[in-house]
Amino acid sequence: MGAGVPSDFFLGLNYPWVRYGQDFGRSPWGVNGVATPATRQEVTADFERIRATGVTIVRWFLLCDGRSGLNVSDGIPSGPDEFLFADVAAALGVAQQFGLRLCFPLIDFLWLQNPATSVGTPSIPAMPNQNVMKFAGGREALLERVLIPMFREFRTHPALFAWEIANEPEWAIPEFSPGPRAGISLADFRAFAKEVADAIHEFAAVPATLGSARLQWVRAWSEIGLDLYQAHYYPQAERDEKAPLSEQLAALADLDRPLWLGEIPPVDPKSPAYSCVSTLETCRASQLAGASLWRWRPPGADDTDSDLGFVDAAFLSELNAKRTGTSA
């Protein structure tokens, strides 16, 4: 196992946000981060219930699409805003209170994509900083002035599980997802991802991971210095894949670092034969490091994943009991 990775199969959970892009730092909607009393109270109540289920690893999106947490001048990040580190510290503090460890995806693929052609409405302002990741100078400044200081600040925090370079970057890379939304080439993103992994190794004391959107794409990230491989598994996105999950995992058994499934859904209405329980059993039988369910907080009416449901405390407790062989 890589440094900091549990030696036994772990059951994790995607939080993944209280409010997308507003949990860490100032956003266009103001200051609603984890350090504010109202949000901290929500998180504390959630984490207390999560820990009671037996879950140990929680995955929580950090900078998302770049709308919050940054000071930016002329399109170049100049540093974290005055709230970012306080919010990260608050999140880690609540996690530590309940014996949980956090995996932070640093950026979401939406930040790497080209913006949609439709213009934002008055009630939904256009997202700031959307072009930071589109050019080398913006990416370099983000790493040097925001990410590295954050890695240093929280280097030894016991509630930190991993820094995740990006969530599902393939949806923004034309070599994987051709189309007008693809905003960064594979070569440019790989170069950035390797620089981030190197910085994690130098300035942090936890594993570097990357949330690949599909198992078949994991090997694309095998030479950037990851300590922990990660893929996401949604049956409705795997319809072009003829092999069952067990065979897909067997084909990845020669990876040089542990593998976990960072997102699996509790249900999939478009795949009636899908079973979350059997999927977890397959992961464990395949000697994966662990698996994390999507997601704890119910999706909103406008969320694209609303058909995949969410997991509640009773469901998680039952899954963990089956995983450990104890009574629910």
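The table below lists the values:
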quantity: Leading residue at positive end of dipole, the chain (Cβ point charges), from 70, 298, 208; calculated: 298
quantity: From phi via Karplus (6.51, -1.76, 1.60), per-residue ³J(HN,Hα) for segment 290-307 in Hz, x at Gly/Pro; calculated: x, 7, 10, 7, 9, 9, 7, 7, x, x, x, 4, 8, 6, 6, 9, 4, 7
quantity: Principal axis box of segment 250-321, alpha-carbon based, largest edge first, Å; calculated: 41, 27, 23
quantity: For segment 204-264, the spread of Cα positions along each principal axis, largest first, Å; calculated: 38, 21, 16
quantity: Per-residue ³J(HN,Hα) for segment 266-280, Karplus 6.51 cos²θ - 1.76 cosθ + 1.60, θ = phi - 60°, Hz, x for Gly and Pro; calculated: x, 9, 8, x, 7, 10, x, 7, 5, 9, 4, 4, 5, 5, 4
quantity: Under Karplus coefficients 6.51, -1.76 and 1.60, residue-wise ³J(HN,Hα) of segment 80-90 in Hz, glycine/proline x; calculated: x, 6, 6, 10, 4, 5, 5, 6, 4, 4, 5
quantity: Amide N proximity, segment 146-173 versus residue 78 label position 7 Å along Cα-to-Cβ, cut-off under 18 Å; calculated: 146-147, 149
quantity: Which of 76, 264 has the fewest Cβ neighbours within 10 Å, and the rest in rising order; calculated: 76, 264
quantity: Amide N of segment 268-311 lying under 14 Å from the label point, which is placed 7 angstrom from the Cα of residue 42 along Cα→Cβ; calculated: 296-301
quantity: Per-peptide average of other Cβ atoms within 10 Å, ordering 86-93, 163-170, 186-193 highest first; calculated: 163-170, 86-93, 186-193
quantity: Equivalent-ellipsoid semi-axes of segment 202-328, from the Cα gyration tensor, Å, largest first; calculated: 24, 18, 17
quantity: Fewest-first ranking of 46, 256, 108, 74, using other Cβ atoms within 10 Å as the exposure measure; calculated: 74, 256, 46, 108
quantity: Equivalent ellipsoid semi-axes - Cα gyration tensor, segment 107-222, angstrom; calculated: 25, 18, 13
quantity: Förster-model FRET efficiency, 25 Å R0, residue 97 and residue 303, C-beta, rounded to 0.05; calculated: 0.30
quantity: Spatially proximal lysines relative to residue 194 (Cα-Cα < 17 Å; intrachain offsets below 8 disregarded); calculated: 134
quantity: Overall Cα dimensions of the chain - principal axes, largest extent first, Å; calculated: 55, 43, 42
quantity: Three semi-axes of the equivalent ellipsoid, segment 28-182, Cα gyration tensor, whole Å, largest first; calculated: 28, 17, 17
quantity: Helical contribution to [θ] at 222 nm, DSSP H n ≥ 4, -39,500 (n - 2.57), averaged over the chain, rounded to 500; calculated: -8500 deg cm²/dmol
quantity: Relative contact order for the chain, counting Cα pairs under 8 Å that sit 6 or more residues apart, in percent; calculated: 20 percent
quantity: Extended-chain gain in nm, criterion 0.36 nm per residue less alpha-carbon gap, residue 312 and residue 187; calculated: 41.0 nm
quantity: Nitroxide proxy distance, nm - points 7 Å out along Cα→Cβ at residue 136 and residue 239; calculated: 4.1 nm
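Every number in this text was worked out from the coordinates using simple rules, so none of it is lab data. Just so it is clear, the structure is predicted and the values come from calculations on it, not from any experiment. Counting neighbours? That spans all protein chains shown, and the Cβs are built from the backbone with ideal geometry, glycine included.
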